[in-house]
Amino acid sequence: MKMMTQGNAATAEAYYRAMNSKDTAAMARHLHPDVRLVTPMEDLIGKDAVLGAARKLLPSIHSIEMQAGFESSTQAMLVYRMRFADPIGDCRAAALLTFKVGLIAHNELFFDASPFQRT
């Protein structure tokens, strides 16, 4: 994974680097207690729910490659490629993250969910 920018985007990247390393403790350090995760497949609220979903997904992730990152004073947008074992393969995604007190409070993911629904 390569670094993109500083500030909110750097925090977002650090979260995904921790995910790439399968380090849920490091992931947790970047999440607001009331974080909301919105994906094409589910809508979760709370740090425990988000980390629980991550724990189920982490064994399937081979790697995460950052492609671009942009930020504002309250948000960051990341574009990345998440690699999974077949039959899923590569998943190109974007994440729009909103921050409260320097922590990820809202993470909305945009990706094609159809490969995940076939497994």
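The values are calculated or read from the model by the stated rules, or taken from the named source; none is laboratory data. For clarity, every value in this text was computed on a predicted model and none was experimentally measured. As a convention, Cβ positions derive from the backbone with ideal geometry for all residues, glycine included, and neighbour counts pool all protein chains shown. Just so you know, the surface numbers come from the protein's heavy atoms only, side chains and all, with ligands and any DNA or RNA stripped out. Shrake-Rupley method; radii C 1.70, N 1.55, O 1.52, S 1.80 Å.
The figures follow:
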| read-out | value |
| --- | --- |
| Overall Cα dimensions of the chain - principal axes, largest extent first, Å | 38, 28, 23 |
| Phi-based couplings in Hz for segment 77-92 (Karplus 6.51, -1.76, 1.60; Gly and Pro marked x) | 10, 10, 10, 8, 10, 10, 9, 10, 5, 5, x, 6, x, 7, 10, 7 |
| D23-Q117 FRET efficiency (beta carbon distance; Förster radius 30 Å; 0.05 resolution) | 0.60 |
| Computed FRET value (nearest 0.05) for H62 with V101, which takes r as the C-beta separation and R₀ as 41 Å | 0.80 |
| Apportionment of accessible area to carbon and sulfur, the chain, percent (1.4 Å) | 52 |
| Calculated FRET efficiency for the pair A49/A85, C-beta based, R₀ 22 Å, to 0.05 | 0.35 |
| Neighbourhood charge, 13 Å Cβ-Cβ cut-off, centred on D90 and excluding it, Lys, Arg +1 and Asp, Glu -1 | 0 |
